[in-house]
Structures are given as structure tokens and as C-alpha cells.
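> Okay, handing you the structure first.
The values are calculated or read from the model by the stated rules, or taken from the named source; none is laboratory data. Since the model is a prediction, treat every value here as computed from it, not as a measurement. Cβ: placed from backbone, ideal geometry, glycine included. Neighbour counts: every protein chain shown. The area values use the complete protein model at the heavy-atom level, side chains included, leaving out ligands, DNA and RNA. Shrake-Rupley method; radii C 1.70, N 1.55, O 1.52, S 1.80 Å.
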Amino acid sequence: MKKQVYIVDDHPLVVDALQNLISKSDDLECIGSADNIEKAFNDIEQMQPTLVLIDIQLKQNQNGLQLLKRLRTTFPNIAVIIISMLTDDTFVDRAFKLGAMGYVFKEDTTTQIVEAIHTVLKGDYFVSSSQATRLLGHLYRASQKDEKDPIDRLSNRELEVFLMIGEGMPVKEIAANMGLAPSTIETLRSRIKSKLSITENEKLIRVAVEWKYTQAKTDIVVS
């Protein structure tokens with residue numbers, strides 16, 4: 001009997017590619033897809049697939065990690081793999097903490113995606129070699145800290161904004177990239193400053209850039 005897979009992604013071309021990929025596996029079949037959390041949850045509740053593939057950035061300014069959290073609470077036996085363009089190890093770490101069993105970058109090869117599905121269906125966790133490097137770096141940094149990283153206080157949406165600030169993006173560019181109004185980005189930026197005890201925008205930019213630099217500098221290379 002084939003294992004049933006459900007896809008949650010708001011890019012039609014990605015969904016088509018994943019469906020074609022899954023159809024080529026003798027033991028897998030795609031039973032549906034959605035581009036938003038509510039439709040996905042309703043479909044999953046009715047169809048009860050074996051595994052769900054979830055993108056983090058969805059339509060209607062939704063975050064796929066919200067769906068992941070909801071699924072792990074309601075349907076703990078359904079396996080979840082995150083497939084995302086977000087390569088920062090903080091998102092990878094959050095996904096696993098919320099109950100994902102795999103995290104695949106959209107830039108990964110189709111072979112790795114199929115490998116991830118089969119690995120997770122066997123009950124094991126999956127990370128690509130590049131992710132393993134990031135995760136080891138994250139675990140190493142965490143082991144060196146006595147206190148909780150203040151960045152962990154940020155919501156998933158706030159973290160997205162913080163990372164783009166660290167990449168040097170202005171408010172309008174961040175807004176366009178996330179499909180939000182500039183005023184919404186300003187509000188999120190204010191919340192970030194409050195949580196990080198920062199009062200000036202210039203200092204926020206500096207902290208975000210330094211944090212990104214530190215993340216990259218302390219990654220461990222896996223041979």
C-alpha cells in the first residue's frame with residue numbers, strides 16, 4: 001500500500017514538481033495540496049495522510065511553522081517535513097523543536113527530497129549535509145551560552161524581519177519581500193527592539209548584522 005503525502009506550498013510550480021517527484025516513487029502518492037493553513041488543516045483532518053510537506057512562507061502572510069505546531073498537537077502520528085527557501089539555522093532549529101522530522105532546502109536535489117521522505121517514513125530524522133553543518137554550529141553556540149539567547153524571544157515573523165534587517169534590507173524592501181505593508185514592518189521592528197531592549201534603529205541594524213556575522217563565523221565544518 002502506498003504512503004500518502006500531502007503538500008502545503010503556495011508556489012504552483014513547486015507543487016507540480018513535488019507531485020511529479022512523488023508520483024515516480026512506487027511506494028508514494030500525493031493525495032492533495034493547499035496554499036494556506038486553514039485549507040491544509042481541514043484537508044489533513046479528513047484525508048489523514050502519512051506525511052505532510054510544509055513550506056514556511058505561505059499566502060495570506062501565514063507561517064508554515066504555525067501549521068506544524070497545530071499538526072503536532074492534533075495529529076501527532078502524521079510525520080512532517082519542512083521544505084523551505086529559508087536556510088538560516090535558527091528556522092531549522094525551530095522546526096525540529098516544534099516536531100518536524102525533516103528539513104529540506106528547496107535548493108536541494110530531487111534525490112535528497114525523496115531520500116528525506118523515505119528516511120522520515122522509516123521513523124528517522126533527516127537533514128542534508130549542509131544542514132548538519134549549520135545544526136552542529138547552532139548546537140555548539142548554544143553549549144557556549146549560560147543564558148537564553150534573546151533572539152529566541154522573537155516570534156517566527158519577527159525573526160524573518162530581523163534576519164532581513166541583518167542582510168541590509170530597508171523597510172520597503174522587507175515589506176515587498178514578505179507581502180506586507182511597510183507600516184506592518186515598522187510595527188514588527190518596534191516589537192523586535194522592545195524584546196531585544198534596543199531603542200534606536202541604528203543599533204538594531206548593527207545588532208542584526210553582527211548576529212548574522214556571528215552565526216556564519218561560528219559554523220562548524222563537517223568532513
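> Using amide H atoms built 1.01 Å from N in the peptide plane, name the residues 5+ places from residue 32, or on other chains, whose amide H lies under 5 Å from its own.
Under 5 Å from the amide H of residue 32: 7.
> About the Cα centre of the chain, how large is the charge dipole given +1 on each Lys and Arg Cβ and -1 on each Asp and Glu Cβ? Please answer in debye to the nearest 20.
Numbers: 27 positive and 31 negative charges, 126 e Å.
Computed charge dipole of the chain: roughly 600 debye.
> May I pose another question? Taking the Cα centre of the range 58-116 as origin, work out the dipole magnitude from +1 charges on Lys and Arg Cβ and -1 charges on Asp and Glu Cβ, in debye rounded to 20.
Details: 7 positive and 6 negative charges, 89 e Å.
For this selection, approximately 420 debye.
> Only helical DSSP H runs with n ≥ 4 go in: add -39500 (n - 2.57) per run for the chain, normalise by residue count and round the 222 nm mean residue ellipticity to 500 deg cm²/dmol. Present the calculation step by step, with values, prior to reporting the outcome.
On the way: 10 runs with 120 residues, N = 223.
Mean residue ellipticity, 222 nm, calculated: -16500 deg cm²/dmol.
> Next question, about the same structure. Give, as a single signed number, the net charge of other residues whose beta carbon lies under 13 Å from the beta carbon of residue 69, with Lys and Arg counted +1 and Asp and Glu -1.
Values: positive: 70, 72, 94, 97; negative: none.
Counting the neighbours of residue 69, the net charge comes to +4.
> Sticking with this one: Quick one: with all protein chains in place, what share of the accessible area of the chain is carbon or sulfur, to the nearest percent (1.4 Å probe)? Present the calculation step by step, with values, prior to reporting the outcome.
On the way: 5920 of 11610 Å².
Answer for the chain is 51 percent, counting heavy atoms of protein chains only.
> If you average 1/r over all unlike Cα pairs in the range 28-97 and invert the result, what Kirkwood radius do you get in angstrom? Numbers along the way, then the final one.
Working: mean 1/r = 0.0804 Å⁻¹.
Every distinct Cα pair counted, the radius reaches 12.4 Å.
> Taking GluC sites (Glu not before Pro) as exposed when DSSP calls them loop (any state but H, G, I, E, B) and at most 14 other Cβ atoms lie within 10 Å, what is the longest stretch of the chain free of them, the sites themselves excluded? Write down the numbers at each step before the final one.
Values: sites that count: 107, 147, 167, 200.
In short, 1-106.
> What angle do you read, to the nearest 10 degrees and between 0 and 90, between the alpha-carbon axis of helix 201-217 and the longest principal axis of the chain?
50 degrees
> Which lysines have a Cα lying under 17 Å from the Cα of residue 39, excluding residues fewer than 8 positions away in the same chain?
Output for residue 39: 59, 69.
> Using the Kirkwood radius over Cα pairs, work out the Stokes-Einstein diffusion coefficient for the chain at 10 °C and 1.306 mPa s, in µm²/s as a whole number. Please report the intermediate quantities before stating the final value.
Details: Rh = 18.5 Å.
Rounded, D is 86 µm²/s.
> May I pose another question? Under a straight-distance cross-link criterion of Cα-Cα below 20 Å, which aspartates and glutamates are reachable from residue 172, leaving out those fewer than 8 residues away in the same chain?
Of all the aspartates and glutamates, those that pass the test against residue 172 - Cα under 20 Å, at least 8 places apart if same chain - are 158, 160, 186, 200, 202.
> If you don't mind, another one. Let's test the formula: R0 of 41 Å, r as the Cβ-Cβ distance of residue 172 and residue 26. What FRET efficiency results, to the nearest 0.05?
0.25
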